[in-house]
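There's a structure below that I have some questions on.
Where a number appears in this text, it was derived from the coordinates with a stated rule and is not lab data. Predicted, not measured: the structure shown is a model, and the values here were computed from it. Ideal geometry is used to build each Cβ from the backbone, glycine not excepted, and the neighbour counts take in all protein chains shown.
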Amino acid sequence: MPSARTSNPDTGAAQFVPEGKSWAALRSAAAGCRGCDLFEDASQTVFGEGPVPARLMMVGECPGDREDTEGHVFVGPAGRLLDKAMDAAGIDRAKTYLTNAVKHFRFTERGRRRIHKTPRRGEVVACFPWLREEIRVVKPRLVVVLGAVASKAVLGPSFKLTEHRGEVLEHDGLRVGVTVHPSAVVRAENFRESFDAFVADLVAVRKA
């Protein structure tokens, strides 16, 4: 068993995941996860939140600076935009389970700022046992993947989001809706067009 300050790249999070347990047990165990090296610099594990079970589950990339500080999912700029888009699409956040493919913040420091970095494939794979167990306990009728990292985590490394955006696919017994990550909308040059397209995706997958 690895020490409290080391990770094992060969087993990832699997050694820390209490399979078959309740959501509360999973969340508690995730706080001590050392399945990859991201725990070393992150403030804390940011586990998924929402009703259990839930008809709808949304999966993002990894926590951002605000999420890492506060310990809650989607509370930063991308989360605020997601709230607005969900409201516009007629989706109730209070009835939606929200999580990320990776549970620790990956970043680089620039002065006093912590700048988000995209998780590496190995970190996504290492963290997948947590997502697998979340899906088991949440029992969603639809999983919406937000962005390329979440898409590849759920649908496989060769999946191309741009070819399936706004679609609902069947994969390993799951119905999976595909769209961009809200952070991409936040950064978009044409914000209104990007926001409207994001809302249209959410409406399409909700109706499907």
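Give the peptides 108-120, 14-26, 72-84 in descending order of average Cβ contacts within 10 Å, highest first. Before the final figure, lay out each step's value.
Numbers: 108-120: 12.2, 14-26: 15.1, 72-84: 19.5.
Sorting 108-120, 14-26, 72-84 by mean packing, highest first, produces 72-84, 14-26, 108-120.
Using the charge dipole of the range 129-196 (Lys, Arg: +1 at Cβ; Asp, Glu: -1 at Cβ; taken about the Cα centre), state which of Gly177, Leu131, Leu155 has its Cα farthest towards the positive end.
Of the listed residues, the answer is Leu131.
Also, quick follow-up: Would you work out if the range 125-208 is rounded, prolate or oblate? Take a ≥ b ≥ c from the square roots of the eigenvalues of the alpha-carbon gyration tensor; rounded if a/c is under 1.5, else prolate when a/b is larger than b/c, oblate otherwise. Could you put the intermediate results ahead of the total?
Details: a/c = 2.01, a/b = 1.57, b/c = 1.28.
Judged from the Cα gyration tensor, the range 125-208 comes out prolate (a/c at least 1.5, a/b above b/c).
Kindly point out which whole DSSP H helices in the chain project their C-alpha atoms 20 angstrom or further along the helix axis while averaging a Kyte-Doolittle hydropathy of 0.0 or above. Mind showing how you got there, number by number?
Values: long enough: 121-138 (25 Å, 0.29); 191-207 (24 Å, 0.35).
The qualifying helices are 121-138, 191-207.
With contacts defined as alpha carbon pairs under 8 Å and 6 or more residues apart, what's the relative contact order of the chain in percent?
22 percent
Can you give me the orientation-averaged projected area of the convex hull built on the Cα atoms of the range 74-134, in nm²? Show your work: numbers first, answer last.
Working: hull surface 21.4 nm².
So the mean shadow area of the Cα hull is 5.4 nm².
Quickly estimate the mean residue ellipticity at 222 nm for the chain, helices only: each DSSP H run with n ≥ 4 gives -39500 (n - 2.57), and the total goes over all residues, rounded to 500. Don't skip to the answer; put the middle values down first.
Details: 8 runs with 80 residues, N = 208.
Result for the chain, helices only: -11500 deg cm²/dmol.
Then there's this: Percent of alpha carbon pairs in the range 32-134 separated by more than 23 Å?
Cα-Cα pairs in the range 32-134 separated by more than 23 Å: 26 percent.
Using Cα centres only, tell me the gap between the range 5-80 and the range 155-199 in whole Å.
Comparing the Cα centres of the range 5-80 and the range 155-199, I get a distance of 22 Å.
Let me ask something else. Which of the peptides 193-203, 89-99 is most tightly packed, and how do the rest follow, going by the mean number of other Cβ atoms within 10 Å of each residue? Could you put the intermediate results ahead of the total?
Numbers: 193-203: 18.1, 89-99: 16.5.
Averaged packing, sorted descending, gives the order 193-203, 89-99.
Here is a follow-up. For the chain, just run the numbers: alpha carbon Rg, then divide by 2.2 N^0.38 Å, N being how many residues it has. Don't skip to the end; give the middle numbers.
Values: Rg = 16.2 Å, N = 208, 2.2 N^0.38 = 16.7 Å.
For the chain, the normalised Cα radius of gyration comes out at 0.97.
So which lysines can Lys103 reach, going by Cα to Cα under 24 Å and dropping same-chain residues fewer than 8 places off?
Of all the lysines, those that pass the test against Lys103 - Cα under 24 Å, at least 8 places apart if same chain - are Lys21, Lys84, Lys95, Lys117, Lys139, Lys152, Lys160.
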